[in-house]
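Engineer: I am attaching a structure below and will ask some questions about it afterwards.
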Amino acid sequence: MNTLTEAWDWLTDSAHWSGDDGVWHRLAQHLVLTMVCLVISCLIALPVALVLGHLGKGGALAVNISNIGRAVPTFAVLVLLLLTPIGKWGEGPTVVALVLFAVPPLLTNAYVGMREVDRDVVRAARGMGMTGRQMLFHVELPLSLPMVMNGVRIAAVQLVATATIAALAGGGGLGRIITAGFNLASTPQVVAGAVLVAVFALIVEGVFEVAERLAPHWARGSR
Amino acid sequence: MTAPPDDCLARNEWICGEYLSTRRQILLDAVVQHLQLTAVSVLIGLVLAVPLAVLARRWGWAAGPVLGVTTILYTIPSLAMFSLLLPVYGLSAALVVAGLVLYSLTLLVRNILAGLRAVPEETRQAARGMGYGPIRLLLTVELPLAVPAAMAGLRIATVSAVSLVTVGAIVGFGGLGNLIYSGMNTYFKAQVLTASVLCVVIAVAADLLLLGVQRLITPWTRAARG
């Protein structure tokens, strides 16, 4: 219990919130990294997944890429990138690693969502004379939206976690409060940093949960 | 004074045979620690997950809280999870194991529960009609039929654990992650690449091993397909 009160004291000390190593700056870094990389990953993964799903090609790749992503340690990729020439561009390794780990869930979920659209509906759309593009945007995409959004949610949570580990390899974000705590052998700071990271991750998850509940009925998942 | 040797270690190359031969023992120790941490965590996770899933199946009201808590646990990033456990376990291997148990538990409970729920009602009624009591029904009908779903969860949990052990380097118990961490601080390219590749090799090998075990213990799934 003693550590918890010390961690609380750390969090309520305003000196820890300001400056370049302060909570506000680290939080802003974490938020920007997560959002920028989520947008980049969606721009890369979703068009590919939607086209592959529409054509019904490349399924083995789209499904297996998630398993590959799970087997490769985030930390290893971050350090490998840090030691390559990319490591010289500041947050370069973090951004590349974040995008690499966010693409697989986006790709897999969007592809599976597209393939799970009732084939009879697709055939009916074709029978009504819809072109491929119309079928993709007016039939398949709306019906697969819950799965696509589920992929975005998994990717967002993954991004928050990866951005935290990036601190081990010198990246910015809330993880730096934890690694600095370890370097100072300050357990209260480590715990305070961990609480901040955990709350941030749960808020991100919560935002998606609320968005799903507020979405119109047809766009909701089956859960 | 002798001139410094001009080998791949001195040139700090990514791929270096010299590294493999001179650091064989360090690599072996790291691999053993990596395997131990993974195996212990996943096994403890499995031992805890089976009763939790069975209870959640038996009492419907328990399923919501169990799934809710595991979802929250799974959302917490690994570095934060290890850090939150620091006041309890200190800088120890137990900290890494405890963190990994919580992640494996989440994946396993969800999959085993899904497997138990997928047992057809007709099957349960047939077993009851043959005079099976609740315990015998669970042990000889429901749990075996949930094995394929449970094994799918076990494979995901194991592969994830192999990858997450590396983060344990923050407390000095990260198996191959320790080599990656020290290699990062000294810009030792051969060490980082070798340890990273070994991590992936362990993950793939563990996945294939579990797939083999699954085929051995569920012969009926093959018969049904073939």
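Rule-based calculations on the coordinates, nothing more; no lab input. As the structure is a prediction and not an experimental result, all values here were calculated from the model. Glycine also receives a Cβ, built like all others from the backbone with ideal geometry; neighbour counts cover every protein chain displayed.
Engineer: Cα centroids of segment B:47-106 and segment A:146-167: how far apart, whole angstrom?
Structural biologist: 19 Å
Engineer: Given the C-alpha centroids of segment B:131-156 and segment A:1-43, what is the distance between them in whole angstrom?
Structural biologist: 44 Å
Engineer: Given Cβ point charges of +1 (Lys, Arg) and -1 (Asp, Glu) and nothing else, what value in debye, to the nearest 20, does the dipole of chain B about its Cα centre take?
Structural biologist: 860 debye
Engineer: Further question: Apply the Karplus curve 6.51 cos²θ - 1.76 cosθ + 1.60, θ = phi - 60°, to the phi angles in segment B:185-201 and return the couplings in whole Hz, x for Gly and Pro.
Structural biologist: Calculated HN-Hα couplings, in order: 5, 10, 6, 8, 4, 4, 5, 5, 5, 4, 5, 5, 4, 4, 4, 5, 4 Hz.
Engineer: Tell me which cysteines of the protein assembly as shown come out unpaired when the rule is another cysteine's Cβ under 4.7 Å.
Structural biologist: Among the cysteines of the protein assembly as shown, those whose Cβ sits 4.7 Å or more from every other are A:Cys37, A:Cys42, B:Cys199.
Engineer: Per-residue mean of other chain beta-carbon atoms within 10 angstrom of the beta-carbon, peptide A:151-161? Spell out each step's value before the answer.
Structural biologist: Details: counts 0, 0, 0, 0, 0, 0, 4, 1, 1, 4, 10.
Per-residue shielding by partner chains comes out at 2.
Engineer: Right, another one. Of the peptides B:120-128, A:96-104, A:43-51, how do they stack up when ordered by the mean number of other Cβ atoms within 10 Å, highest first?
Structural biologist: A:96-104, A:43-51, B:120-128
Engineer: Taking chain A as a Gaussian network, where each spring joins two C-alpha atoms under 10 Å apart, which residue of A:Gly181, A:Gly19, A:Gly170 fluctuates the most?
Structural biologist: Result: A:Gly19 has the largest fluctuation of those listed.
Engineer: Which residue, A:Val152, A:Val63, A:Val160, tops the fluctuation ranking in a GNM of chain A built on C-alpha contacts under 10 Å?
Structural biologist: Greatest mean-square fluctuation among the candidates belongs to A:Val63.
Engineer: Taking the highest mean first, how do the peptides B:186-195, A:207-216, B:169-178, A:112-121 order by number of other beta carbon atoms within 10 angstrom per residue? Don't skip to the answer; put the middle values down first.
Structural biologist: Working: B:186-195: 20.7, A:207-216: 11.8, B:169-178: 24.6, A:112-121: 16.2.
Most protected by this proxy first, the peptides run B:169-178, B:186-195, A:112-121, A:207-216.
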